[in-house]
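Participant: Below are the structure tokens for one structure; questions will follow.
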Amino acid sequence: MKRKHTRYLLGTIIIGLCLGGCSKILQETPRSSYTPQFFQTKAGIIGGLTEMYANLRNIYGQPYYYGTNEVGTDESTYGQTLDGNFTVMDMTGQGLISSTTSRTDAIWGTSFTNINTASGVIQYGTTAGVDSSLLAEAHFFRAFDYFLLVQTFGGVPLDLGSGNLQFNITPSVSSVRNTVPEVYTKCIFPDLIKAVNNLPMAARLTGTVTKPVAQLYLAKAYLTYAWWLKNPNKIPTYPAVTDPRVDPDGHNSQWYYQQAYNIATNTIENPGSFGLQPTFYDVNNGANDRNNEIMLYADHTQTSAQYNGGSLTYSSNSTDNVSAWMQNWNYPAMTSSDSSTAWVPINSVQRASVQGYGRPWVRMAPTVGAIENTFADKSNDSRYDGTFMTVYRCNMNESGLSKKYSKLYNANLMPIGEGDAVVTFLDTEPSQTIDYSNSVYKSGMGLGVLPNRADFVVGPNGISRLVFPGLWKISNYRTDNAGTLGNPNAGSTRPWDIDKFSELFFVAAEAAVEGASTTSVTGTYSNDGTARGLINILRARAGMWNFSNAQNSAKVADNSAAMVAATPATITIDYILAERSREYYGEGYRWFDLVRTQEWANLASTYQICGSAPGDHTLKTSTRDIEPYLYLRPIPQGQLDAMQVSDDIKKAYQNPGYL
């Protein structure tokens with residue numbers, strides 16, 4: 001994966017995708033540019049809105065952006081296939097994060113393009129005579145993109161060239177950043193409030209935003225801004241503001257925590273069509289995509305390359321959904337034997353377009369701490385099994401090997417066939433010592449052997465940059481494989497889940513921990529409204545099983561009582577962060593969670609993992625240097641290069657600490 005440097009400047013006319021509407025789904029039609037006149041018709045409004053939904057594909061599933069939000073956290077580090085786009089984010093001596101190495105350039109130009117489109121719809125849409133609910137969708141997306149930007153970069157420009165929050169058609173060679181409180185109070189909060197007040201409870205089309213979605217984002221924005229005002233660890237912001245930080249509307253952090261709590265709990269009580277799936281497995285099962293727990297997603301499809309936003313047969317496009325491949329180890333390189341008497345290597349697990357397999361990139365790997373500590377309970381809690389691919393099985397029927405072989409031979413030269421385990425990532429370290437020498441049974445990847453087991457094994461302490469459980473939850477799922485390996489090198493045609501109904505419980509619980517007054521929550525998800533009560537709704541659900549990925553079979557179990565009993569009496573921010581990681585591991589939330597709560601340096605400064613060579617299963621500790629300035633990402637170099645201003649002004653535009 002090669003880097004591409006892009007020049008862009010705030011204030012240019014939008015070049016992008018204009019999309020028309022239909023009765024059921026969003027229809028996409030290419031268009032080169034937008035004008036004010038275009039937005040003065042209902043067709044133009046629909047086209048601009050549809051572009052905003054399509055634009056989500058430019059961000060979510062984009063591998064570089066995904067890597068910036070996972071690598072360098074307590075969840076993930078870089079993998080064996082060294083790519084500078086990922087290793088530099090680890091902050092362990094692999095290079096410095098800078099304006100040219102940070103891949104948050106993936107969202108800067110993309111988000112501002114979308115913001116300008118939204119401003120065009122809002123500014124000119126009233127003359128088109130459209131319902132206010134359509135304009136509310138544009139208000140939502142303008143706030144959505146500004147919220148993404150302000151969390152990432154700090155203060156950003158509200159004026160793209162034609163005035164604050166105005167549709168810009170005038171090329172500009174300069175830019176001025178607003179402060180964080182200005183971005184929140186002048187745009188994000190007002191836009192989201194308009195969206196909440198004017199969006200319907202039922203979606204206009206499949207996947208379009210509704211009142212509960214806007215409420216979730218307003219609650220998240222209030223929560224994040226409350227933390228920013230509180231600033232418990234004195235993390236610097238930019239552009240600089242007074243210390244202590246002051247809200248222009250005269251509220252303190254507690255007021256915003258309370259608002260976050262009130263809105264989140266109100267939405268839980270009045271969810272519209274949204275709700276929790278019965279099990280964690282159901283949330284992420286590809287056969288159950290677009291379920292009622294998913295509140296916002298970047299959509300894809302296996303039926304059309306145009307509407308998928310990328311090739312259906314090979315990953316080749318920046319809008320392809322390929323993030324799942326980044327933390328996918330090279331499982332097809334491991335070998336079994338086609339002989340029962342000598343090791344004659346043969347690839348018994350081949351790339352397949354089924355959930356948990358797909359294309360391996362090995363750019364990222366889970367930390368051992370995430371496997372052992374975050375997911376310490378692998379028996380009662382279904383979320384480990386519903387997150388990771390821990391057993392890789394022989395697919396000799398799909399690959400065609402069964403036409404030549406009736407069986408293959410694996411560890412201890414024991415026979416295996418279709419669907420049998422070739423390697424198992426163990427839940428705990430066994431009492432017997434795992435033989436990783438590969439002196440006889442040459443797995444090709446330095447996998448371990450235990451007596452009387454046909455499958456190779458890797459213990460939790462043997463997780464390495466080369467060999468690790470892959471991410472099942474976000475992996476591909478297709479129904480057009482027709483009993484073959486399918487198209488495993490294509491990007492995933494699944495939607496990328498951006499936000500889930502479950503997050504409302506976390507937002508309310510976090511606000512409660514920070515002092516928001518609590519009240520009982522009524523309705524389907526009734527609880528006492530405390531942080532513990534809210535979290536236990538999700539923990540009880542996590543104890544419910546209807547399928548086991550590891551066993552590849554139905555598993556009916558109700559461990560909800562044990563899960564609730566194990567919840568601490570006192571909930572802390574660190575406990576909420578651990579629960580969020582169990583719920584959302586590998587989904588791109590983690591950097592934002594650690595930065596918002598200012599716990600990044602506390603929780604991610606060290607991690608353990610084994611090396612990159614086959615057979616290296618010796619734990620090593622790595623130390624990260626997480627300086628306070630890193631809590632903001634650098635302004636991308638492409639923006640600075642496009643500004644025709646003095647070097648001093650460019651330097652002042654950049655976040656402090658970056659080159």
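Participant: Under a point spin-label approximation (7 Å from Cα along Cα-to-Cβ), what is the Thr479-Thr206 distance to one decimal in nm?
Facilitator: Using points 7 Å along Cα→Cβ, the separation is 1.0 nm.
Participant: Next question. Sort Val246, Val362 so the one with the fewest other Cβ atoms within 10 Å of its own Cβ comes first.
Facilitator: Val246, Val362
Participant: Out of these labelled values of Rg and Dmax of the Cα atoms in Å, (1) 33.4, 120; (2) 24.9, 80; (3) 26.3, 77, which was calculated from the coordinates shown here?
Facilitator: Of the listed options (1) 33.4, 120; (2) 24.9, 80; (3) 26.3, 77, (2) comes from this structure.
Participant: Here's something else I'd like to know. Hey, for a label at Lys555 modelled as a point 7 Å past Cα toward Cβ, could you say which residues of region 348-390 have their backbone N under 18 Å away?
Facilitator: Answer for region 348-390: 355-357, 371-390.
Participant: For the peptides 646-654, 39-47, what is the packing order when you average, over each peptide's residues, the other Cβ atoms within 10 Å and list the highest mean first?
Facilitator: 39-47, 646-654
Participant: Take peptides 85-95, 514-524, 364-374 and line them up by average Cβ neighbours within 10 Å, highest first, as a rough protection proxy. Walk me through the intermediate numbers first.
Facilitator: Values: 85-95: 20.5, 514-524: 15.8, 364-374: 23.0.
The packing order, highest mean first, is 364-374, 85-95, 514-524.
Participant: What number, in percent, do you get for the relative contact order of region 323-471 if the mean sequence gap of Cα pairs under 8 Å and at least 6 apart is divided by its residue count?
Facilitator: Numbers: 299 pairs, mean separation 44.0, N = 149.
Relative CO of region 323-471 lands at 30 percent.
Participant: State, to one decimal in nm, how far the label point of Ser646 lies from the label point of Ser520, with both points 7 Å from Cα in the Cβ direction.
Facilitator: My value for the distance between the label points is 6.6 nm.
Participant: Remind me, relative contact order of region 439-531 in percent, using alpha carbon pairs under 8 angstrom and six or more residues apart?
Facilitator: The normalised contact order for region 439-531 reaches 14 percent.
Participant: Just report the Cα centroid separation between region 320-367 and region 468-528, whole Å.
Facilitator: 25
Participant: Restricting to bridges with both residues inside region 323-471, how much of the DSSP beta-bridge set is antiparallel, in percent to the nearest 5? Could the numbers behind the result be given before it?
Facilitator: Values: 12 of 15 bridges.
So the antiparallel bridges amount to about 80 percent of the total.
Participant: With label points built 7 Å along Cα→Cβ from the Cα atoms of Asn288 and Ala613, find their separation and express it in nm.
Facilitator: Result: 4.5 nm between the two label points.
Participant: Hey, another quick one. Long-range amide H contacts for Ser337: which residues qualify at under 5 Å (H placed 1.01 Å from N, peptide plane, sequence gap of 5 or more or a different chain)?
Facilitator: For Ser337, the qualifying residues are Ile346, Tyr409, Asn410.
Participant: Arrange the following residues from fewest to most other Cβ atoms within 10 Å of their Cβ: Glu510, Glu583.
Facilitator: Least crowded to most crowded, the residues run Glu583, Glu510.
Participant: Give me the net charge of Asn489's neighbourhood, meaning all other residues with Cβ under 9 Å from the Cβ of Asn489; Lys, Arg count +1, Asp, Glu -1.
Facilitator: Numbers: positive: Arg351, Arg359; negative: none.
Overall, the nearby charge balance is +2.
Participant: For region 62-120, with equal point scatterers placed on the C-alpha atoms only and solvent neglected, what are the log10 I(q)/I(0) values from the Debye formula at q = 0.13, 0.16 1/Å, to two decimals?
Facilitator: Results for region 62-120 at q = 0.13, 0.16 Å⁻¹ read -0.38, -0.53.
Participant: Near the amide H of Met389, under 5 Å away, which other amide H atoms are found, from residues 5 or more places off or on another chain, if H is placed in the peptide plane?
Facilitator: Residues meeting the criterion, in which the H sits 1.01 Å from N, are Gly470, Leu471, Trp472.
Participant: Still on this structure: With a cut-off of at most 14 other beta carbons within 10 Å, and DSSP calling the residue loop, which chymotrypsin sites (Phe, Trp or Tyr not before Pro) in region 175-281 qualify? Please list them.
Facilitator: On the way: sites: Tyr184, Tyr217, Tyr222, Tyr225, Trp227, Trp228, Trp255, Tyr256, Tyr257, Tyr261, Phe274, Phe280, Tyr281; in loops: Phe274.
Loop-located and lightly packed - none at all.
Participant: Once R0 is set to 56 Å, what does the formula 1/(1 + (r/R0)^6) return for the Cβ-Cβ distance between Thr606 and Ser406, expressed as a FRET efficiency to the nearest 0.05? Before the final figure, lay out each step's value.
Facilitator: Details: r = 49 Å, r/R0 = 0.88.
That gives a FRET efficiency of 0.70.
Participant: Now a separate question. Give, in nm to one decimal, the length gained when the segment between Ser174 and Lys620 is fully stretched (0.36 nm per residue of separation minus the Cα-Cα distance).
Facilitator: Computed gain between Ser174 and Lys620 is 155.8 nm.
Participant: Could you run the Karplus curve 6.51 cos²θ - 1.76 cosθ + 1.60 with θ = phi - 60° over region 356-373 and give me ³J(HN,Hα) per residue in whole Hz, x for Gly and Pro?
Facilitator: Each residue's phi maps through the Karplus curve to give x, 10, x, 8, x, 10, 6, 7, 9, 8, x, 6, 5, x, 5, 5, 8, 9 Hz.
Participant: Another question about this same structure. Spelling out what I want: for every residue of region 403-414, take phi, set θ = phi - 60°, compute 6.51 cos²θ - 1.76 cosθ + 1.60 (Karplus), and round to whole Hz; glycine and proline get x.
Facilitator: 6, 10, 10, 7, 7, 10, 10, 10, 4, 6, 6, 8
Participant: Once phi is turned into ³J(HN,Hα) by the Karplus curve 6.51 cos²θ - 1.76 cosθ + 1.60 with θ = phi - 60°, what whole-Hz value does each residue of region 571-588 show in order, with x for glycine and proline?
Facilitator: Couplings: 8, 10, 4, 5, 5, 4, 5, 5, 5, 4, 5, 5, 7, 10, 3, x, 9, x Hz.
Computed from the coordinates by the stated procedures, all read-outs in this text should not be read as laboratory data. Everything numeric in this text was worked out from a predicted model, so none of it was measured. With ideal geometry, Cβ positions are generated from the backbone for all residues, glycine too; neighbour counts draw on all protein chains shown.
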